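Student: Following this message is one structure expressed as structure tokens.
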Amino acid sequence: MISTEKSPKALSVNQIYCMDCLELLSQLPDSCISLILTDPPYGISYQNHFTSREYPVLAGDSGIDYRRFARESFRVLKDNSHAYFFTRFDCYPYHYQCLQQAGFAVKNCMVIEKGNIGGIGDLKGTYANNAEWLIFCQKGRRAFNHTTLLQNRAKAGSQFHKGRKPSEKYKTRFNSCWFGTEYPKATYNSGWQKQHNIYHPTIKNVEFLSWILKISSDPLELVFDGFIGSGSTAVAAIQTGRNYLGSELNPRYYHTALQRIKEVTDHEAVQSPRQDHAENDP
Ligand SMILES: C[S@@+](CC[C@H](N)C(=O)[O-])C[C@H]1O[C@@H](n2cnc3c(N)ncnc32)[C@H](O)[C@@H]1O
């Protein structure tokens, strides 16, 4: 439970609300969130006409008040914590500027291979977008957790060059560009959506989100996604033992998210003993 003077009724953790993200943020007290991982609408009225399934333009896609969103995100995040914001190449300069002015140290922009190929406009005269961009910010400084994703290929203790330190079990440098078979993709393709009967035009891959949660938060910490869409971040949080809080404006996607959360919660409840996610020091 998060109690706040600004909120008429206390907000519960492990809940998503069918409401405006900025409204939810305004009800949160300062420094109550351990990690932000979110995927806001980009303000570009995106519609993919090259797919068998056409979606209406997303709610809020004509633009959100990104400057206010960045300020509120900074306020609710604890010191020494991480925040990740999906973006696109053409929104990146503005999003970068807003996040920096809000107080974040913008450390990097991850580029993650998509599971589907996207594109806008003239696909014969421009490059298709085959990657997602994810702005990585810090408030203060927090070190990455060790994870099995980032385990070194060489056995711990191997020494390749005389005088050099033997290799560690886990990588100590993390690439910002996630391409190839070593890494999960950022999105699902339409085949996956059809097979699972879960539809959202910009759905993200839960396995990918789970790695970000494992790298940048500890079990039971509170993860925030104010633009939760079909609920992917909540599903990743449940599967990795984190707490979550989020919002979604569109009632249809909100119900999709509730349904996915119920399925994964029921599934996790029958897993015994609970899977250990092997994310911290060996
Ligand atoms: C880019 S999508 C997120 C997709 C999500 N990552 C997933 O895997 O399903 C952004 C979502 O934010 C929702 N949205 C737009 N404006 C909003 C607002 N002001 N508050 C809350 N949700 C909003 C849209 O309906 C959309 O589902």
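The values are calculated or read from the model by the stated rules, or taken from the named source; none is laboratory data. Bear in mind the structure is a predicted one, so any value in this text is a computation, not a measurement. Glycine gets a Cβ as well: all are built from the backbone with ideal geometry, and neighbour counts include every protein chain shown. SASA here: full protein model, heavy atoms, side chains in, ligands and nucleic acids out. Shrake-Rupley method; radii C 1.70, N 1.55, O 1.52, S 1.80 Å.
Student: Determine, yes or no, whether N189 is at pLDDT below 95 and either β-branched (V, I, T) or open to solvent by 40 Å² or more (accessible area, probe 1.4 Å) (or both). Give the steps one after another, and end with the answer.
Tutor: Details: at pLDDT below 95: yes; either β-branched (V, I, T) or open to solvent by 40 Å² or more (accessible area, probe 1.4 Å) (or both): yes.
Against the criterion (at pLDDT below 95 and either β-branched (V, I, T) or open to solvent by 40 Å² or more (accessible area, probe 1.4 Å) (or both)), N189 qualifies.
Student: Now, a different point. From the residues in segment 82-97 that are away from the ligand (no atom under 12 Å from the Cβ) and buried (at least 22 other Cβ atoms within 10 Å of the Cβ), which one is farthest from V223 (Cα to Cα)?
Tutor: Start the filter on segment 82-97 by keeping residues that are away from the ligand (no atom under 12 Å from the Cβ), which leaves 82-83, 89-90, 92-97.
Filter once more, keeping what is buried (at least 22 other Cβ atoms within 10 Å of the Cβ): 82-83, 95.
Working: H82: 10, A83: 10, H95: 21 Å.
Selected residue: H95.
Student: Now a separate question. If you take the residues of segment 142-156 that are among the polar types (S, T, N, Q) and part of a loop (DSSP other than H, G, I, E, B), which of them is farthest from L209 (Cα to Cα)? Reasoning before the result, please.
Tutor: First, the residues of segment 142-156 that are among the polar types (S, T, N, Q): 145, 147-148, 151-152.
Adding the requirement that they be part of a loop (DSSP other than H, G, I, E, B) leaves 145, 147, 152.
Details: N145: 15, T147: 13, N152: 21 Å.
Per the criteria, the residue is N152.
Student: Being in a loop (DSSP other than H, G, I, E, B) and under 21 Å from D39 (Cβ atoms) is the filter here; which residues of segment 104-141 pass it? Steps first, please.
Tutor: Going through segment 104-141, the residues in a loop (DSSP other than H, G, I, E, B) turn out to be 104, 119-128, 140-141.
Across segment 104-141, the qualifying residues are F104, G119, I120, A128.
Student: Select from segment 146-162 the residues that are modelled with pLDDT under 80 and crowded, with 16+ Cβ neighbours inside 10 Å and write down the one among them that is farthest from A186 (Cα to Cα).
Tutor: L150
Student: Right, here's the next one. When you look at L258, is it surrounded by fewer than 19 Cβ atoms within 10 Å (Cβ to Cβ) and in contact with a Gly (Cβ under 8 Å, 6 or more places away or on another chain), yes or no? Give the steps one after another, and end with the answer.
Tutor: Working: surrounded by fewer than 19 Cβ atoms within 10 Å (Cβ to Cβ): yes; in contact with a Gly (Cβ under 8 Å, 6 or more places away or on another chain): yes.
Spelling it out, L258 is indeed surrounded by fewer than 19 Cβ atoms within 10 Å (Cβ to Cβ) and in contact with a Gly (Cβ under 8 Å, 6 or more places away or on another chain).
Student: With the checklist (1) at pLDDT 95 or above; (2) away from the ligand (no atom under 12 Å from the Cβ) in hand, flag the one item M1 doesn't pass.
Tutor: With (1) at pLDDT 95 or above; (2) away from the ligand (no atom under 12 Å from the Cβ) applied to M1, the lone miss is (1).
Student: Can you find, within segment 4-54, the residue that is farthest from L77 (Cα to Cα) among those that are of a type in the set (A, V, I, L, M), within 16 Å of the ligand (Cβ to nearest atom) and modelled with pLDDT under 95?
Tutor: I44
Student: What pairs can you find where one residue is in segment 237-251 and within 16 Å of P41 (Cβ to Cβ) and in contact (Cβ under 8 Å) with a residue 24 or more places away in the chain, the other is buried (at least 19 other Cβ atoms within 10 Å of the Cβ) and polar (S, T, N, Q), and their Cβ atoms are less than 7 Å apart, with a gap of 6+ or different chains?
Tutor: Close Cβ pairs satisfying both conditions: G246/T233.
Student: Additional query: Considering (1) on the phi < 0 side of the Ramachandran plot; (2) small (G, A, S); (3) open to solvent by 70 Å² or more (accessible area, probe 1.4 Å), say which one A143 fails and leave the rest.
Tutor: Checking A143 against (1) on the phi < 0 side of the Ramachandran plot; (2) small (G, A, S); (3) open to solvent by 70 Å² or more (accessible area, probe 1.4 Å), the one that fails is (3).
Student: Does any residue in segment 193-210 that is hydrophobic (A, V, I, L, M, F, W, C) come within less than 8 Å, Cβ to Cβ, of a residue that is part of a loop (DSSP other than H, G, I, E, B) and more than 8 Å from the ligand (Cβ to nearest atom) six or more places away or on a different chain, and which pairs are these?
Tutor: From segment 193-210, the pairs are I203/Y188; F208/Y183; F208/P184; F208/K185; F208/A186.
Student: Let me ask another. Read through the list (1) surrounded by 14 or more Cβ atoms within 10 Å (Cβ to Cβ); (2) away from the ligand (no atom under 16 Å from the Cβ); (3) more than 23 Å from Y244 (Cβ to Cβ), then give the number of the only condition that K165 fails.
Tutor: Here K165 meets the rest and fails (1).
Student: While we're looking at this one, here's another question. Please go through segment 195-222 and pick out each residue that is closer than 15 Å to A143 by Cα and of a type in the set (S, T, Y).
Tutor: If the condition is that a residue be closer than 15 Å to A143 by Cα and of a type in the set (S, T, Y), then S216, S217 are the ones that fit.
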